[in-house]
Each structure stands twice: as C-alpha cells, then as structure tokens.
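Asks: I have a structure I would like to understand better, so I am pasting it below and will then ask my questions one at a time.
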Amino acid sequence: MALLQISEPGMSAAPHQHKLAVGIDLGTTNSLVATVRSAMSTVLQDDHGHALLPSVVRYAPDGAVIVGHEAQAQQSNDPTNTISSAKRFMGRSINDITDRAHIPYRFVSASHDQNSKALQIETRAGLKSPVEISAEILKSLKIRAEKSLGGELVGAVITVPAYFDDAQRQATKDAARLAGLNVLRLLNEPTAAAVAYGLDNAAEGNFVIYDLGGGTFDFSVLRLEKGLFKVIATGGDLSLGGDDFDEAILDLLKAQNPLLKTELERNPNQLIEILLKVRLLKEKLTTCSSLDEAIHVGDKTFAVSLTQKNYNLLIEEKVEKTLKIVSSVLKDADIEKNEIDGLILVGGAT
C-alpha cells in the first residue's frame with residue numbers, strides 16, 4: 001500500500017520538515033509496512049531482507065516476546081504459546097469460535113458473560129487478548145520502519161477489512177496505541193488494493209475487489225470517478241480463507257490415515273506442525289497436478305496422496321461460499337456483471 005507525504009494544515013511541506021509516516025497491512029497470515037520514497041511506494045524490509053512479517057507472536061519461557069519468522073519457526077514446538085491468525089479473533093467472543101478442532105489455543109472470556117467480545121488466550125505470559133497480540137506485530141513493524149527511515153514516525157495508515165464493524169476497528173486502533181503508533185486513519189483493504197493497482201490514475205467505472213487471504217474473505221464494489229473512490233457495497237466472512245483450505249486437506253489426510261487422527265488426539269501439540277506441512281503441500285499443488293509424499297509427525301510417518309482435482313473438490317464448498325457473498329454484494333450494489341469494468345484479485349489464497 002502507498003501513503004502520500006502528509007503535512008498539517010498551515011505547516012510547510014518543505015522536504016526538511018517532512019514527517020515520517022507509513023502504511024501498514026496488518027494481515028492474518030503476514031503483515032508488512034510501506035512508505036513513499038521519491039513518489040514511489042516502497043515496502044520496507046527487515047535486516048534479513050524479508051518484506052513480509054509472519055503474523056505470529058511467541059511468548060518464550062524467558063519472558064521474551066518473539067515476533068515473525070523466529071516465532072513461526074518455533075510454532076510447532078510451542079503451539080499453545082505461539083499465536084497466529086490473531087486477526088480472526090479480533091472483536092469476537094468465545095461463542096464465535098465454533099470450530100476449535102484445528103486451534104491449539106486455550107480461550108477464555110475476560111468477563112463472566114460468554115458473549116463478551118473480550119476474548120483472551122491463555123499463554124505462559126498470562127492471558128493475552130487479540131489486541132495485545134496484534135500490538136506486538138505492529139510494534140515490530142514500527143521498529144523496522146523507524147530503523148529503515150532513520151527517525152520517529154508521526155503516524156500510520158492501517159488497512160482493515162471493509163466489513164469490520166466498529167468494535168473491530170476500535171480494536172485495531174487499540175492495538176496500534178499499545179504499539180506506540182498514532183493512527184492517521186484506517187483504510188479499507190479494497191480501497192488500498194485499488195490504489196496499489198493504480199486505479200486512482202484516471203480510472204473510471206465500476207471495479208470489484210475479491211480479497212481471499214489467510215483467514216478472511218472480503219468482496220467489495222467500488223465506483224471510481226475522476227480518481228475518487230466510493231465503496232458501493234461490501235461483504236465478507238471473518239472466518240474464511242487459506243487456513244480453512246489447509247484444514248480441509250488435513251481432514252482428508254486423517255481420513256486416509258486413521259493413525260494420524262489417533263496421534264493428533266493423543267498429542268494435540270503436533271497440530272500446528274502438521275498444518276504447516278499441509279500448507280507446503282497445498283503450495284506444491286500450484287505447480288504440479290498430483291503429489292505422493294510422506295510426511296513426518298513426531299516419530300511417525302504418514303503417506304500423502306493428493307491431486308489438484310481432489311484439492312479443488314475439497315475446497316469447492318468454501319469457494320462457493322465466497323461466490324454467494326459475491327452475488328449478494330452485487331445485488332446490494334444494484335449492478336450486473338456486464339457493468340463491471342475490472343476485477344482485482346487480492347490475497348494469497350486467491
């Protein structure tokens with residue numbers, strides 16, 4: 001995403017008085033931070049040359065909070081204290097988490113009301129809310145940006161799904177505040193995608209954004225007139241994305257290997273390890289029509305046989321769910337398919 005240089009009203013925008021601001025994509029699976037240099041948007045990298053920061057936070061035994069690649073590397077060894085996909089839990093209650101079979105975390109409510117949106121997760125560092133977990137990710141991106149830009153940030157624009165309600169938007173602002181970030185504004189992800197693809201440069205007409213990420217789905221209709229965006233209609237699902245595709249493959253593997261199901265029931269801590277391996281299998285199917293492999297879980301080995309055709313059948317119901325949302329949003333926008341001037345596909349699961 002791009003962020004233009006910002007100066008306060010009545011203040012000079014001379015180069016020596018420019019204040020440092022960034023754009024942040026706080027994603028379910030990965031996050032990143034970007035700024036504008038010489039009128040070009042630039043994604044800022046860490047010391048190892050990584051642009052993407054895995055949205056994973058680990059609470060280590062020594063009290064350290066580890067974020068990103070290092071946390072992700074330890075996820076299978078310490079699953080209950082290494083939290084990923086926290087964005088899926090923002091502004092949700094325990095009762096909203098209906099399918100916990102593929103989630104290794106221990107959820108509790110911060111109040112006696114089970115419908116309270118103050119959901120928390122048990123860790124060795126105590127109870128942590130999705131807001132606190134997200135704050136660690138934002139803090140890591142803030143440190144990266146200030147190191148890369150050589151100064152203190154005046155603020156950040158943070159992207160959020162267009163269908164985020166007020167509670168979820170406030171939770172995002174709260175996470176930024178805990179991270180020491182001033183939120184200049186929250187920007188809807190479909191609008192950010194339209195800017196990233198250059199639709200603000202003299203584009204006119206109706207455009208749709210199909211955004212299927214690691215944990216959330218977002219579909220929006222935007223009308224562009226003279227470089228101005230207007231969101232006509234939007235819809236989505238906070239619990240639909242690539243994570244669900246991984247879980248569909250895992251369910252197939254358990255059906256193919258009854259011993260695997262028994263092993264996971266006996267040792268649920270291995271769930272994250274096998275989900276990470278399943279994700280790699282899914283990615284391999286992008287470039288091959290079939291695969292026959294063996295995966296190792298603990299001291300046991302399980303055979304895996306999967307084809308693109310089988311995979312498509314596995315996720316067909318979930319993809320159809322996105323298309324029902326597409327139809328509903330188009331109906332709300334009161335436009336026909338032949339009135340759409342362009343489609344933007346966003347998200348790793350697209």
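Asks: Restricting to the stretch 47-93, name every residue that is open to solvent by 20 Å² or more (accessible area, probe 1.4 Å), modelled with pLDDT of 85 or more, in a loop (DSSP other than H, G, I, E, B) and of a type in the set (G, A, S).
Replies: Once the filter is applied, which keeps residues that are open to solvent by 20 Å² or more (accessible area, probe 1.4 Å), modelled with pLDDT of 85 or more, in a loop (DSSP other than H, G, I, E, B) and of a type in the set (G, A, S), the stretch 47-93 yields G49, A51, G63, A64.
Asks: Condition first: outside any helix (DSSP H, G or I) and either on the phi > 0 side of the Ramachandran plot or surrounded by 17 or more Cβ atoms within 10 Å (Cβ to Cβ) (or both). Now tell me which residues in the stretch 190-205 satisfy that.
Replies: Selection gives G198, L199, A202, A203, G205.
Asks: Out of T307, T350, T322, report the one residue that is in contact with a strand residue (DSSP E or B) (Cβ under 8 Å, 6 or more places away or on another chain) and within 15 Å of L253 (Cβ to Cβ).
Replies: The unique qualifying residue is T307.
Asks: Now for a different question. Can you tell me which residues in the stretch 312-343 are surrounded by 15 or more Cβ atoms within 10 Å (Cβ to Cβ) and farther than 17 Å from G214 by Cα?
Replies: Across the stretch 312-343, the qualifying residues are I325, V326, V329, L330, A333, I335, I340, G342.
Asks: What number goes with the only condition from (1) part of a helix (DSSP H, G or I); (2) under 20 Å from V278 (Cβ atoms); (3) touching a residue at least 12 places away in the same chain (Cβ under 8 Å); (4) of a type in the set (A, V, I, L, M, F, W, C) that F302 does not pass?
Replies: Unmet for F302, out of (1) part of a helix (DSSP H, G or I); (2) under 20 Å from V278 (Cβ atoms); (3) touching a residue at least 12 places away in the same chain (Cβ under 8 Å); (4) of a type in the set (A, V, I, L, M, F, W, C): (1).
Asks: Continuing with this model, one more query. Mind checking which residues of the stretch 165-189 are touching a residue at least 40 places away in the same chain (Cβ under 8 Å), touching a strand residue (DSSP E or B) at 6+ places or on another chain (Cβ under 8 Å) and not in a helix (DSSP H, G or I)?
Replies: L181, L184, L187, N188
Asks: Checking the structure you have, find out if any residue of the stretch 238-245 is of a type in the set (S, T, N, Q), modelled with pLDDT of 90 or more, touching a Lys or Arg at 6+ places or on another chain (Cβ under 9 Å) and surrounded by fewer than 22 Cβ atoms within 10 Å (Cβ to Cβ).
Replies: No, the conditions are met nowhere in the stretch 238-245.
Asks: Tell me which of these L259 doesn't satisfy, since it passes every other one: (1) modelled with pLDDT of 85 or more; (2) surrounded by fewer than 12 Cβ atoms within 10 Å (Cβ to Cβ); (3) in contact with a strand residue (DSSP E or B) (Cβ under 8 Å, 6 or more places away or on another chain).
Replies: (1)
Asks: Quick check on L271: is it open to solvent by less than 80 Å² (accessible area, probe 1.4 Å) and within 27 Å of T82 (Cα to Cα)?
Replies: Judged against the criteria, L271 is a match.
Asks: Something else about it: List the number of the failed condition for I133; all other conditions in (1) at pLDDT 80 or above; (2) open to solvent by 50 Å² or more (accessible area, probe 1.4 Å) hold.
Replies: Here I133 clears every test but (2).
Asks: Next question, about the same structure. For I103, all conditions in the list (1) more than 14 Å from the chain's Cα centre (by Cα); (2) among the β-branched types (V, I, T); (3) assigned to a strand (DSSP E or B) hold save one; what is the number of the exception?
Replies: (3)
Asks: Then there is this: Can you tell me which residue in the stretch 136-151 is farthest from G347 (Cα to Cα), limited to those that are open to solvent by 20 Å² or more (accessible area, probe 1.4 Å) and in contact with a Leu (Cβ under 7 Å, 6 or more places away or on another chain)?
Replies: Result: G151.
Asks: Let me ask something additional. Which residue out of K282, K254, K321 is farther than 30 Å from I344 by Cβ and either in a helix (DSSP H, G or I) or at pLDDT below 85 (or both)?
Replies: K254
Asks: If we keep just the residues of the stretch 219-232 that are in contact (Cβ under 8 Å) with a residue 60 or more places away in the chain, open to solvent by less than 10 Å² (accessible area, probe 1.4 Å) and not polar (S, T, N, Q), which is farthest from S84 (Cα to Cα)?
Replies: Among them, the one singled out is V221.
Asks: Do we find that R92 is basic (K, R) and closer than 23 Å to L212 by Cα in this structure?
Replies: Here the answer is yes, as R92 does meet what is asked.
Asks: OK, next. Just name the residue that is most open to solvent (accessible area, probe 1.4 Å) out of those in the stretch 154-170 that are within 15 Å of the chain's Cα centre (by Cα) and farther than 24 Å from L224 by Cα.
Replies: Taking the candidates together, the pick is R169.
The values are calculated or read from the model by the stated rules, or taken from the named source; none is laboratory data. Predicted model, so just to flag it, every value in this text is computed and none were measured. Here Cβ is always computed from backbone atoms with ideal geometry, including for glycine, and neighbour counts include all displayed protein chains. Ligands, DNA and RNA are excluded from the accessible area calculation, which covers all protein heavy atoms including side chains. Shrake-Rupley method; radii C 1.70, N 1.55, O 1.52, S 1.80 Å.
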